[in-house]
Amino acid sequence: MSGGFDKCLLKEFSQIREHHTKIYLDNYGHLLTWKPNEFILDIGCGSGDITHKLIYPLLPEDFQQLVCSDISGDLLEVAEIQFKGIPKVSFDILDICSELKDHWKDKFNHIFSLYCLMWVKCIKTAFRNIYSLLANDGECFLIFVDKHDLIEVVFNLLDKPKWAKFVPNPGETYPFPYRKDRNTVETIINSMKSAGFCDIRVHLETIYYTFKTEEEFLVQTSK
């Protein structure tokens, strides 16, 4: 255990995210353009496993700094272990929906956020803050889920009195801001334009994951 988290369970939880992140980076990573001495930010890095395995290897050798951020200090402690002994990597608390540190504004050449933004209730504020964090001509690479069958099962259960008492505010616990949106791509593009972004590319994909065993399914979906 570290910081109240079981590292073995964290590894199990990350398998689906890692599988699909690799596919997206393979398909769209060529769109990223790198400059010398870059500052890079990962928003919602969690335990840092995907940052370490998939983002860090993308970085040019002359990058200036990689900042791994998360709203959870406990998870950042786990992330620090992932990067132990690796230079130019720092860790900091960040709530992407709250007021930003002044010295972070206009700083980052690249911002990544992988499977974090569907958990924020204020997605428009998050987009505005991400834009504020980007340096001139900076780029962001964001992966998040708009709809998920498991989340619909959860909401269907919570509609029943037997289960509703356990999660009195399901919209707060499971924000998923686009779960009822009929035109997610257009909504995201409009929100990002309003935040100041240009050259916006949004790809909406239906994805599947095959569990090898029933036990793996139960572990991966019990978070």
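The values are calculated or read from the model by the stated rules, or taken from the named source; none is laboratory data. No experiment lies behind these values; they were computed from the predicted model shown. No Cβ is skipped: glycine too gets one built from the backbone with ideal geometry, and neighbour counts run over all protein chains shown. Heads up: the accessible areas ignore ligands, DNA and RNA and are worked out on the full protein's heavy atoms, side chains in. Shrake-Rupley method; radii C 1.70, N 1.55, O 1.52, S 1.80 Å.
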In the chain, once you exclude exposed GluC sites (Glu not before Pro) (DSSP loop, at most 14 other Cβ within 10 angstrom), what's the longest stretch remaining? 100-204
Contour minus Cα-Cα span, His103 to Gln65, at 0.36 nm per residue, comes to 12.3 nm
For a Förster distance of 35 Å, can you work out the FRET efficiency between the beta-carbons of Asp159 and Lys53, rounded to the nearest 0.05? 0.35
With a Cα-only, solvent-free Debye model of the stretch 33-157, what are the log10 I(q)/I(0) values at q = 0.17, 0.19, 0.23 Å⁻¹? -0.87, -1.06, -1.46
Surface accessible to a 1.4 Å probe, per residue, for the residues of the stretch 56-206, Å²: 58
Excluding Phe83 itself, calculate the net charge of residues whose Cβ lies under 12 Å from the Cβ of Phe83, where each Lys or Arg counts +1 and each Asp or Glu counts -1. -1
If one compares the long axis through the Cα atoms of helix 149-158 with the longest principal axis of the Cα atoms of the chain, the angle in degrees, nearest 10, works out at 50
Say each of Asp92 and Asp146 gets a label point 7 Å from the Cα, pointing the same way as Cα to Cβ; how far apart are those two points in nm? 3.2
Starting from the 7 Å offset along Cα-to-Cβ, what nm value, one decimal, do you get for the label separation of Thr125 and Ile200? 2.0
Portion, in percent, of the accessible area of the stretch 80-129 that falls on carbon or sulfur, probe 1.4 Å: 49
Label-point separation (nm) for Asn37 and Thr213, each offset 7 Å from Cα along Cα-to-Cβ? 5.3
Quick one: Debye curve from the C-alpha atoms of the stretch 102-202, no solvent, what's log10 I(q)/I(0) at q = 0.24 Å⁻¹? -1.30
Cα-based helix-to-principal-axis angle, 7-28 vs the chain, degrees rounded to 10: 60
Report for the chain the percent antiparallel among DSSP-assigned beta bridges with both residues inside it, nearest 5. 5
Normalised convex hull volume, the chain, alpha-carbon set, Å³ per residue: 141
